[in-house]
């Protein structure tokens, strides 16, 4: 069952959840910096990854709201497992980069 609007809004502001998103962003940034240069949109992805390394708190705050709206996160809320959260974060980043 999906989170209510209020539950979604609260999760978007939850410091522990935002911290988990930050870790997922940093893990994906590392992966991007190690990927082949022929990956689609590689230059834009590298710019995002470098900015994530420079200011991970900002990136986490930007990525958290759309991540909360991911169907897998909506189904479990803050109890989402790390691998599922990682996938949700990566999907959001791939949509915006």
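The values are calculated or read from the model by the stated rules, or taken from the named source; none is laboratory data. Nothing here was measured: the structure is a model prediction, and the numbers come from that model. Using ideal geometry, Cβ is built from the backbone for each residue, glycine included, and neighbour counts are taken over all protein chains shown.
Computed values, structure above
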item: Tally, over the range 77-96, of residues that are exposed (fewer than 14 other Cβ atoms within 10 Å of the Cβ) and more than 12 Å from the chain's Cα centre (by Cα); result: 2
item: Residue pairs meeting the criteria (Cβ under 6 Å; at least 6 apart or on separate chains; first free of Cβ contacts under 8 Å to residues at least 24 places away in the same chain, in the range 54-77; second surrounded by fewer than 17 Cβ atoms within 10 Å (Cβ to Cβ)); result: 72/84
item: Lone qualifier among 28, 17 - being buried (at least 18 other Cβ atoms within 10 Å of the Cβ), more than 14 Å from residue 90 (Cβ to Cβ) and touching a helix residue (DSSP H, G or I) at 6+ places or on another chain (Cβ under 9 Å); result: 17
item: Residues satisfying the stated conditions in the range 31-56, i.e. closer than 19 Å to residue 88 by Cβ and either surrounded by 14 or more Cβ atoms within 10 Å (Cβ to Cβ) or under 13 Å from the mean Cα position of the chain (by Cα) (or both); result: 32, 45, 48, 49, 52, 56
item: Within the range 57-69, tally of residues that are surrounded by 15 or more Cβ atoms within 10 Å (Cβ to Cβ) and either closer than 24 Å to residue 33 by Cβ or at pLDDT below 95 (or both); result: 8
